[in-house]
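Have a look at the structure below, then the notes.
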Amino acid sequence: MLASVPGPGSVFWALGSGLSLIGDMVTPDPSTDEGFIELPAPTPWPMVVALGITLLFAGLVTHALVTIVGIILLLRGGVGWWFEVLPQQHVEHLPLVPLAQRAKPVQTAPHRVEQLVAGVGGHRVRIPAEMHPYSAGIKGGLVGAVAMAVLAEAYGLLAFGSLWYPINLMAAVVMPSLATAGIETLKAFNPLALAVATVTHLIVSLFVGLVYAAILPMFPRHPAIWGGWIAPLLWSALLWTSLSIINPVLNARIDWLWFVASQIAFGLTAGFVVARTQKISTMQTWPLAMRAGVEAGGSEEAGQ
């Protein structure tokens, strides 16, 4: 004896009946005791409406039956949601915490707020109030460039027996032809690569040195650790992740252990030189006349 297969109409009727049972489970709490707070009762119908809309549009790219099911859910959810509010809103009553267990009111205590006046000593509009001179950043960048170059050349001698390998590899950042060149080509002297690598190395080192002079005063403790270890590790990780996508051929030729070591050498030496310099105060504590360069009586005393 063959079992009868229910048709689509029976399936939709059963689905609607099941959703009706879900809606009937949400009943309002008739309690009106003052020890309760009244809140809207939880309802599943917004989720049913959202599912219906999703299936409605999903059926446009799958099957018409999916769209029909979505329309049924949308209509049934809309009707159920409507009767959650009208003719009477379904609510629930949550018990309140007894007064003895509630948090005590915050006791405010008025205090006088000290106003900061521009031009008065101690006024700090921007942080830091003191910074290293730019000349310290230039010196630190040059010293760091020498330290990094020494380690890079040591790597070239130990790994390839050539001083020109790290120079040509650095020039490959600007000269794509060197990125795909053979080992023998990278070990050979190339005057153009030497000039390109030297200029690039100096520009980048001076820029990073100036950045050190600007940001090291912003760190409250142990600026040498930030500049010597944390910053080199951060930009080495940034270069490692980006270069593998931008230039994977060049990335495969770099020994990242030596690269990180050379960056740390730069950070330690540049950070040490910059941190050892005398800080100078910024002009934010100066009177407006002195910052604007106006020669006014008493401005020198006010700025001291």
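The values are calculated or read from the model by the stated rules, or taken from the named source; none is laboratory data. Given the structure is predicted, the values throughout are model-derived calculations rather than measurements. No Cβ is skipped: glycine too gets one built from the backbone with ideal geometry, and neighbour counts run over all protein chains shown.
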### Message
If I ask for residues that are in contact with a helix residue (DSSP H, G or I) (Cβ under 7 Å, 6 or more places away or on another chain), not in a helix (DSSP H, G or I) and not hydroxyl-bearing (Ser, Thr, Tyr), which ones from the stretch 134-172 would you list?
### Response
Leu163, Ala172
### Message
Pairs please, first residue from the stretch 228-239 and more than 10 Å from Phe266 (Cβ to Cβ) and assigned by TED's automatic domain parsing to the domain that holds Met148, second anywhere and of a type in the set (Val, Ile, Thr) and modelled with pLDDT of 80 or more, Cβ atoms under 6 Å, 6+ apart in sequence or on different chains.
### Response
Ser236/Val260
### Query
Which members of the stretch 163-174 meet the condition of being surrounded by 17 or more Cβ atoms within 10 Å (Cβ to Cβ) and farther than 22 Å from Trp240 by Cα?
Trp164
### Task
Among residues belonging to the stretch 132-162 that are closer than 23 Å to Ile254 by Cα and of a type outside the set (A, V, I, L, M), point out the one that is surrounded by the most Cβ atoms within 10 Å (Cβ to Cβ).
Gly144
## Note on the structure
Flagged in the stretch 175-201 as under 24 Å from Ala231 (Cβ atoms) and surrounded by 14 or more Cβ atoms within 10 Å (Cβ to Cβ), in numbering order, are Ala197, Thr198, Thr200, His201
### Message
Can you find a residue that is within 35 Å of the chain's Cα centre (by Cα) and either in a helix (DSSP H, G or I) or not β-branched (Val, Ile, Thr) (or both) anywhere in the stretch 182-196?
### Response
yes
### Residue under evaluation Trp164, criteria (1) modelled with pLDDT of 85 or more; (2) of a type outside the set (A, V, I, L, M); (3) under 29 Å from the mean Cα position of the chain (by Cα), criterion not met
(3)
### Message
Name the single residue that is surrounded by the fewest Cβ atoms within 10 Å (Cβ to Cβ) among those in the stretch 255-284 being among the hydroxyl-bearing types (Ser, Thr, Tyr) and part of a helix (DSSP H, G or I).
### Response
Thr269
#### Entry: Search result, residues across the stretch 82-106 that are among the polar types (S, T, N, Q) and part of a loop (DSSP other than H, G, I, E, B)
Gln88, Gln89
### Query
surrounded by 17 or more Cβ atoms within 10 Å (Cβ to Cβ), under 34 Å from the mean Cα position of the chain (by Cα) and part of a helix (DSSP H, G or I): does that describe Ala252?
no
#### Entry: Top-ranked residue of the stretch 91-115 - restricted to ones that are surrounded by 10 or more Cβ atoms within 10 Å (Cβ to Cβ) and of a type in the set (A, V, I, L, M), ranked as modelled with the highest pLDDT
Val91
